[in-house]
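A.B. asks: Sharing a structure below in structure tokens format, with a few things to ask.
Where a number appears in this text, it was derived from the coordinates with a stated rule and is not lab data. Since the model is a prediction, treat every value here as computed from it, not as a measurement. Positions of Cβ are backbone-derived with ideal geometry, glycine not excepted, and every protein chain shown enters the neighbour counts.
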Amino acid sequence: MAKKKGRKKSKKGNKNLQNERVRREAEPRYKNLYKEKIIKNMVDEFAYKNRMEVPKLKKIIVNVGLGEAMENPKILQSALKEITMITGRKPVVTKAKKSIANFKLREGTKIGAMVTLRKEVMYEFFERLKAIAMPRKRDFNGVSVKSFDGRGNYSLSMTEQIIFPEISYDDIEKIKGMSIQIVTSAQTDKEARSLLGYFGMPFRKTGGK
């Protein structure tokens, strides 16, 4: 009697959960906002001939650098856990690309964690970042208009992970900062600023740093 063939195990396993699909009852609110209002606003402002020319969000990269992880591996493990809680995606460990003798840093040493968010997860994180996390920042008075890179991408720094409600102060190993890069398809910083502005990005008035 022939034996039944068992199911083949996935080669990928659980190695990369960054882009794992999650079933949703409805599209993210910011995705609908983009399709229903922002595209029209951008066309009106920049006179695009084709709606496909309208800039859009491509991805958001969350990065935590942890130099002290070389001496205390627990800090890295706690950072991985916290980024997972904040973004809903499993981050990857970042490693030193080259050795630096002055900092006793060897190539390949684990020095941080990073996660890249796309599509629905990106929109959901962006809304939580803008509407919930940013206002919880101490003495928050908006974000700088000078943090574009000249290619339509925007970067900002958060000094404390506890601004995200998913993180409990009582459970953290230590206060950690993070950098967040918002990558867009805009050709210019002016277009990118308008795009983020229509999403409600709280830019400080011109003249502020």
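A.B. asks: In vacuum, with every alpha carbon of region 116-176 counted as one equal point scatterer, what does the Debye formula give for log10 I(q)/I(0) at q = 0.28 Å⁻¹? Two decimals, please.
C.D. replies: -1.27
A.B. asks: If you don't mind, another one. Give a residue-ordered list of calculated ³J(HN,Hα) values for region 55-62 (Karplus: 6.51 cos²θ - 1.76 cosθ + 1.60, θ = phi - 60°; whole Hz; x for Gly, Pro).
C.D. replies: Coupling constants for region 55-62: x, 8, 6, 9, 6, 10, 10, 10 Hz.
A.B. asks: Please compute the modelled spin-label separation between S179 and K40, points set 7 Å along Cα→Cβ, answer in nm with one decimal.
C.D. replies: 3.9
A.B. asks: At a 10 Å Cβ-Cβ cut-off, how would you order I163, I38, fewest neighbours first? Write down the numbers at each step before the final one.
C.D. replies: Working: I163 19, I38 22.
Ranked by crowding around the Cβ, least crowded first: I163, I38.
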